[in-house]
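Note sheet for the following structure.
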Amino acid sequence: MTLTVSGKSDTLSKVFQYARTVKRFPFSSSPNFLLFDSGRQKLYAAHKDQVEVIDPITQQVLTPIVPASGKLANSQFAGLSLSPDGNRLYIADAGANLIHELDLTHPGTGASVNPTTAVGSTVSVTPGRVFETSTGTLVGSDVGGNLFTLNGVTGSGSWLTDQFGRRVNGNPWNSTNKGKYIFVARAGNGLISSNIALWNASTSDLLLSTNETQWVVEASADEDGTVIVAGGSTPGISDSTAEVADFDLNSVGFIMQHFDATMPTGTPSFFLHPSGALLYKAGSSAVGGSVEIDDVNLAQSTANITFPEPFVTSYSPFTDHMLTTDDTGRYLFGVTNSGITMMVLDPFLFRSEMFNRHSFNRLEA
């Protein structure tokens, strides 16, 4: 591309790259949580009372997954997660106030746990997200940010407490180190800040950051727990600045918004690639949805992906997750106006732009 201004010109090569494939999977109503199963190479999408299954290779929508006991009239699926070994799928059913466990190695089998009964609450516990830890214990929270632990076998549970026996409030965002740690964003001062924390499943200890971060409406940690990002966009309160922390929860810098692709109201904010090398941030552009991809090590942008249509704007970050990728970063999925849009990026873009020399050093390390 050549730009000429006032008689002077500058030429850049390979300024634009194009997606290998763009595929829309239409749904009459919007799914609200995307999860990629790297072991089975399938995309799962929470969709009211069932989990849609998409095969990105054949580009087909497969038979949906439902709880072992069948569909419930009042179901409204929220967060999805996989067990550390990838054999169990967990569904936080915010409508029926249940947590469904499905055995993916034996389709059609599983169980459901009532968190309200498990913790002995006098009011209904509405689960938003739940994760299985390396010890088999489940850690989750209700939509109000009250954290709890559950025994999926016995159905017993309790509110999560710190070393002083005080109840811990916050929202679990993801697990790391094969379920050894659960990354939590603590409820803050109710204004513009909060804390981040790591729950150690082996010791039942909560490591809490000593400094308050900015308003956390999205958060993520990579699989080995070495990179943590918190922040997000709250219209009228904060911009889309992301704060990066290390595994000791010490702040190591910020990643600012680089492209002119602002975070629209209600759109999913960001997530880390499992390696921790790349940060994906969803927003909008003049023609559709936009995803900024940042190099975390260099704290700078490396690519901007334009979707053919906008992302949905009905979104709750504490129960939903509307943008995800596979482990290679070639397949990028987003919940857009007509359903789920899959972008298959060109291998050249993947190699030369998304994983530059610095990112490869991080991955090899």
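Every read-out reported here was derived from the displayed coordinates using simple, explicitly stated rules and does not represent laboratory data. What you are looking at is a predicted structure, and each value in this text was computed from that prediction instead of being measured. As a convention, Cβ positions derive from the backbone with ideal geometry for all residues, glycine included, and neighbour counts pool all protein chains shown.
Counting every other Cβ atom within 10 Å of each residue's Cβ, 166, 20, 88, 129 order from fewest to most as 166, 20, 88, 129.
Sequence-ordered 3J(HN,Hα) estimates for segment 145-154 from the Karplus curve with 6.51, -1.76 and 1.60 and θ = phi - 60° stand at x, 9, 7, 9, 10, 9, 9, x, 8, 8 Hz, glycine and proline given as x. Shown for 270, 254, 25: other C-beta atoms within 10 Å of each C-beta, ranked fewest to most, produce the order 254, 25, 270. Taking amide hydrogens as modeled 1.01 Å from N in the peptide plane, which residues meet the under 5 Å criterion relative to residue 110, leaving out close sequence neighbours? Those lying under 5 Å, H to H, from residue 110 are 103.
Report the FRET efficiency, 1/(1 + (r/R0)^6), for residue 29 and residue 109, where r is their Cβ-Cβ distance and R0 is 41 Å, rounded to 0.05. My answer for the efficiency is 0.90. Potential lengthening of the chain between residue 314 and residue 203 amounts to 36.1 nm, from the contour at 0.36 nm per residue minus the alpha-carbon distance.
Note that segment 4-104 shows a convex hull volume over its alpha carbon atoms of 177 Å³ per residue. Stretched out straight at 0.36 nm per residue, the stretch from residue 122 to residue 166 would grow longer than its current Cα-Cα span by 14.0 nm. Each part reduced to its alpha carbon centroid, segment 18-40 and segment 44-102 end up 14 Å apart. Stretching the chain fully between residue 254 and residue 73 yields a gain of 60.7 nm (0.36 nm per residue, less the alpha carbon separation).
So, counting K/R as plus one and D/E as minus one, what does the shell of residues with Cβ under 12 Å around residue 74 add up to? Residues close to residue 74 contribute a combined charge of 0.
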